[in-house]
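What follows is a single structure, written as structure tokens, with notes after it.
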6 protein chains.
Amino acid sequence: MENKLTHFNGQGNAVMADITDKETTERMAIAKGSIKVNDKVLNHIKNGKVEKGDVLSVARIAGIMAVKRTSDLIPLCHPLMITKSTVDFEIDEAGSRIKVCCTAKVTGRTGVEMEALTGTAVALLTIYDMCKAIDKNMEITGVYLAEKTGGKSGRYVRN
Amino acid sequence: MENKLTHFNGQGNAVMADITDKETTERMAIAKGSIKVNDKVLNHIKNGKVEKGDVLSVARIAGIMAVKRTSDLIPLCHPLMITKSTVDFEIDEAGSRIKVCCTAKVTGRTGVEMEALTGTAVALLTIYDMCKAIDKNMEITGVYLAEKTGGKSGRYVRN
Amino acid sequence: MENKLTHFNGQGNAVMADITDKETTERMAIAKGSIKVNDKVLNHIKNGKVEKGDVLSVARIAGIMAVKRTSDLIPLCHPLMITKSTVDFEIDEAGSRIKVCCTAKVTGRTGVEMEALTGTAVALLTIYDMCKAIDKNMEITGVYLAEKTGGKSGRYVRN
Amino acid sequence: MENKLTHFNGQGNAVMADITDKETTERMAIAKGSIKVNDKVLNHIKNGKVEKGDVLSVARIAGIMAVKRTSDLIPLCHPLMITKSTVDFEIDEAGSRIKVCCTAKVTGRTGVEMEALTGTAVALLTIYDMCKAIDKNMEITGVYLAEKTGGKSGRYVRN
Amino acid sequence: MENKLTHFNGQGNAVMADITDKETTERMAIAKGSIKVNDKVLNHIKNGKVEKGDVLSVARIAGIMAVKRTSDLIPLCHPLMITKSTVDFEIDEAGSRIKVCCTAKVTGRTGVEMEALTGTAVALLTIYDMCKAIDKNMEITGVYLAEKTGGKSGRYVRN
Amino acid sequence: MENKLTHFNGQGNAVMADITDKETTERMAIAKGSIKVNDKVLNHIKNGKVEKGDVLSVARIAGIMAVKRTSDLIPLCHPLMITKSTVDFEIDEAGSRIKVCCTAKVTGRTGVEMEALTGTAVALLTIYDMCKAIDKNMEITGVYLAEKTGGKSGRYVRN
């Protein structure tokens, strides 16, 4: 059966699940998330975009580096040789938030959703860090897996 | 003035801000966050709590370890000798979510809100990882700084 | 000849040995080890097992994470994409010790005995850390490779 | 009372214990351990000592680097700014083993026994790694805290 | 006598030198270095500066993060709680090179020259990585300590 | 076209380039570099070579370990399962410098020049660290890619 917890063995103890016999296929994942910010932050980031003091370019690098460090942070994640990663941002002025979209790709035996989610979370935390001097009430929200392809379970798209 | 971005210099370039002259005081921060899960996950975690196969104890360890690795993940964070860290969980059945609360403490020159937030985020990502086989639609949400003490700006409590 | 030191070149200088031409096969290793503890520790761990305050579940996570970090700790170890890892414990009351058994698996060009041994050692060190307040005389002992399969040299079982 | 487990809170959950109020004093620890090896390894290491291909100098560096990474490996260990570390070896021909002695020192709020023990264990694992091609039956044994000074509990010497 | 090698003990074995008794003072270091590049790279970086695709902002983040990881890379370096770090660039068109200047600051028991030098080296390596597709003949050159203050030996300025 | 910057996307934002479809081939790179030192350092290192207190064996280990950590340091580098690495030294008395040569090898989808260059840089930084007590004016210089094979662009030899 597909949907049982693979991170525990028969005795209920945590294990790094055996993926030795899973097929090596091209796998991709896209995760998304946002951070709610005040107008000051929003303005700073907008201006930073076209001019100087670019919060988002620092957050992008932090996100991509975190993608590579996922298996070092999440205890039962398998190490994977990531073959691509991107982090993109959208400034949602109406919603007073910055949206993050992180992708990861691999040719491997297991999926990369944790990598995409970790990259998203760390990019958001980096925005928080860089803007916390001008907004103490920011909130990271709506971090989820948007899409996933490859592997036995096929394509998943969140609706 | 207090509320300018300290992570950029006069030319708008990212810097690790100079905290050499800030006072060494006891500082504490509490961050919170949640993950929305389906009933299957909720049941598994509840049972794991009293019996075996404990998702939350793995997530707790991941969160505490991430607290210690914050300055390695967030590019402009200062390294800090954390003197205490806890990660606690609450199962919110009505709200179909697991709540995380992470604290960090230090005697140092700058605050530990990023440590508490990073511990919260990584604990939530770990729950995600361990339960993703039985719920592909989980969502991490409401990650924020709940409280912060110490340093020049004094006590902050989110309302 | 099989049994020469591969971690040195002709001049006697340390090298990370060339495994480029070794065959990619499924490889597995099992390592074991123990920690001698006093009765107080033994009781605490036994109770923790069925109730709360679980030393062993923390040590298990530490061991699995260390398996993944082996090539970062052991200077001439090759990085490997571990495909499985488990850490199990046995409480040996008669012998006043906790036994650890760590397995690692990979599909790769070199064996995973160092990964299994490192996971064992770090799990034991973690038990030490968590119990040192109630026993200052613990001793880690008998850490060895129990079994190894895959690769040119075939199956090895310690007798 | 001194001797309760500090790595768990009242609910039995793992925590990084609060050391904020502990005194900052000079603290030192010495750990020891051995690896049993066959004659081939013993000869190789003896010759390496005076000539070339020096197993022990690689193991020494690995041990010192591991001392610095202790809080990254042992989940509930506090990060500490180590102020000194040494790793020394003794070739015990009669006992067919290599003995390791690792020291660590800090001016801090908690002891450095885990650092000394981790340095010892990683130095021994490195010897294992470098010699495993000529001896598959090595065994790491007798890893313990030999001495510890500083802090409220004063000087400890293992008898 | 001041100028003996502190990274070896009486037996000539490598040690992490004992700095326990050194004074805790404010210490600062500035390191510099360059990378020789072709005109294509020079143009790309100039344009990136005012517009988009900013090589230097990625290299700056890499340098600052490397400053924090120095004691993890350089075997006998002491860990230090860096209190400030900056990485700046100068485009030297006449000399066909990009110049890097990295500063580090700490209140601690030993100097931060290795941190400043490591930040410089990693910033230069990052420029190399990002531009290697358009110039295979780049060369990193002239990496040195420009200035150093604090500690017993006082101020040093390279002439 | 071959020679465009692969580390930026169409919008000029940094990305970890997609190498999923690149061919898995055997790839090798050799990087070189030097450090200019005074006579005292030169003599120390020469003597260390034949006797004890060996600076170069520490630098060799640091270089090989850095090769494995390249993708963790250089933001947009892909992780790679390195299959071989060596670091060699030459004492150039006439030129008052120590020369470093680092090689890296992989069977993978992208080249290992960054690994060889990072190993070279960290080996040189380690020599600097170990000798800085007896020479404050050392300079790292001439770090470049000497040779590279494998992949679509074929063999490159610097002239």
Quick one: would you say residue C:67 is of a type in the set (Val, Ile, Thr), touching a helix residue (DSSP H, G or I) at 6+ places or on another chain (Cβ under 6 Å) and buried (at least 24 other Cβ atoms within 10 Å of the Cβ)?
yes
Looking at this structure, is residue A:98 over 30 Å from residue F:22 (Cα atoms), modelled with pLDDT of 95 or more and aliphatic (A, V, I, L, M)?
yes
Could you say whether any residue in region B:118-135 is within 14 Å of chain D (Cβ to nearest Cβ) and of a type in the set (Lys, Arg)?
no
Given the condition in contact (Cβ under 8 Å) with a residue 60 or more places away in the chain and at negative phi, answer yes or no: does some residue in region C:83-90 qualify?
no
Among the residues listed as D:38, D:47, D:43, D:9, the single one being without any contact (Cβ under 8 Å) to a residue 60 or more places away in the chain and more than 10 Å from chain C (Cβ to nearest Cβ):
D:43
Is it true that some residue in region C:69-87 is in contact with a Cys (Cβ under 9 Å, 6 or more places away or on another chain), facing chain D (nearest Cβ under 7 Å) and under 28 Å from residue F:123 (Cβ atoms)?
no
Just wondering, is there one or more residues in region D:41-56 that are at positive phi and surrounded by fewer than 23 Cβ atoms within 10 Å (Cβ to Cβ)?
yes
Return the pairs, sorted by first residue and then second, in which the second residue is surrounded by fewer than 13 Cβ atoms within 10 Å (Cβ to Cβ), the first residue lies in region D:146-159 and is among the small types (Gly, Ala, Ser), the beta carbons are less than 8 Å apart, and the residues are 6+ apart or on different chains.
D:146/D:157; D:151/D:23; D:153/D:2
With the condition kept exactly as written, say whether any residue in region F:57-64 is of a type in the set (Gly, Ala, Ser) and more than 19 Å from the chain's Cα centre (by Cα).
no
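For every residue, the table says whether it meets (1) hydrophobic (A, V, I, L, M, F, W, C); (2) more than 18 Å from residue F:92 (Cα to Cα).
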residue	(1), (2)
F:106	yes, yes
F:110	no, yes
F:120	no, no
F:123	yes, no
F:131	yes, no
F:134	yes, yes
F:142	no, no
F:148	no, yes
F:152	no, yes
Kindly list the number of the only condition in (1) without any contact (Cβ under 8 Å) to a residue 40 or more places away in the chain; (2) touching a His at 6+ places or on another chain (Cβ under 7 Å) that fails for residue B:17.
(1)
Filter region B:88-115 for residues that are touching a helix residue (DSSP H, G or I) at 6+ places or on another chain (Cβ under 7 Å), farther than 20 Å from residue A:128 by Cα and either of a type outside the set (A, V, I, L, M, F, W, C) or within 14 Å of chain D (Cβ to nearest Cβ) (or both) and give the result.
B:89, B:91, B:93, B:96
Selection from region D:133-154 of residues out of contact with any Gly (no Cβ under 8 Å at 6 or more places or on another chain), at pLDDT 95 or above and not acidic (Asp, Glu) yields D:137, D:138, D:145, D:146, D:149
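The values are calculated or read from the model by the stated rules, or taken from the named source; none is laboratory data. Source: prediction; values computed, not measured. Methodologically, a virtual Cβ is constructed for each residue, glycine included, from the backbone with ideal geometry; neighbour enumeration extends over all protein chains shown.
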